[in-house]
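All remarks here apply to the structure that follows.
What follows draws every value from the coordinates through simple rules; no lab data is involved. Here the structure is a predicted model, which means the values were calculated and not measured. Cβ: placed from backbone, ideal geometry, glycine included. Neighbour counts: every protein chain shown.
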Amino acid sequence: MSSFRFPLLALCLLLIPAEAHATRTVTSPYVDAHTLKLKWKGGVTHDERESRDGAWSTKLSTEYGLNQIVSVEIEGDAENPGDRNDTDYVATSVKAKAQITKKGEYGIDAGARLSYEVNHAGDPDTMEFKLIVAKDSETFRHVANITLDRQLGDEAENDVNGGISWSSRYKWLPAFEPGIEIFSNFGSLSDGSDFDDQDHGIGPVVYGKLTDQIKYEVGYIAGISDNAADGRAKAVLEYAIKF
């Protein structure tokens, strides 16, 4: 049980403030057939700008693997911008993920996910497509996400936004796998904004499997562009039930 103390303590510390504004995760391409996954995602933002500092969000989702290829997920998102006491339920998302290649059959594993987010805060809805590639070995796992999204509705911006995220981990112990994550949100792909006007971050993340059913990840993503928040603490907790 001693190997569990660090990840459990880290999770408890992050759960106290309740969560991170615009919680970010790197999506895996793999689908677990006939498995129900209950997920909590959250964290808190630190920034020198008062309008951002202390902002948080929390997401709860349910994902089910229909077979070895396709899973479906529904997720709810609540946010607090940090500069007021109001916390709002802001969005509901429906997601469908497909595992395109069988794990380990080729040099790279591939998947894709399509998401539709219904916005409850007065902003337009969003459609997102995510291409997922991974390289998984006995010692390391590397995952990359390439994301395109577009607003939908009467007041939607007629533009496509793009982003890339990356995760690498060293499989040291099942309960403790240290790694790193990189997030780059380019914003509109047509406005030609420079690096500092975009949102880029990098930081350490720890992943682990506490039991056959419980997985976690905790980390801190530091901003490396002017428009990015100074830092975002993040955590994910997953409970899986096999049917």
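As a calculated quantity, the FRET efficiency between residue 197 and residue 72 at R0 = 30 Å, using C-beta atoms, amounts to about 0.25. Taking every C-alpha pair closer than 8 Å and separated by at least 6 residues, the mean separation divided by the residue count of the range 135-243 gives a relative contact order of 18 percent.
Working from Cα pairs under 8 Å separated by at least six residues, relative contact order for the chain is 18 percent.
Helix-only arithmetic for the chain: the sum of -39500 (n - 2.57) across DSSP H runs with n ≥ 4, divided by the residue total, places the mean residue ellipticity at 222 nm at -1500 deg cm²/dmol. For a paramagnetic label modelled on residue 53 (point 7 Å from Cα along Cα→Cβ), amide N atoms under 17 Å away belong, within the range 225-243, to 228-233. Start at zero, step by 10 Å, and the Cα-Cα distances of the range 163-215 spread as 23, 34, 23, 15, 5 percent across the bins. When the alpha carbon coordinates of the range 189-243 are projected onto the principal axes, the ranges are 48, 23, 11 Å, largest first. Separation of the range 147-187 from the range 41-98 is 13 Å, based on Cα centroids. Projecting the Cα positions of 132, 143, 241 onto the charge dipole of the range 130-243 (unit charges on Cβ atoms of Lys, Arg, Asp and Glu, taken about the Cα centre) puts 241 furthest along the positive direction. Start at zero, step by 10 Å, and the Cα-Cα distances of the chain spread as 7, 28, 41, 19, 3, 0 percent across the bins.
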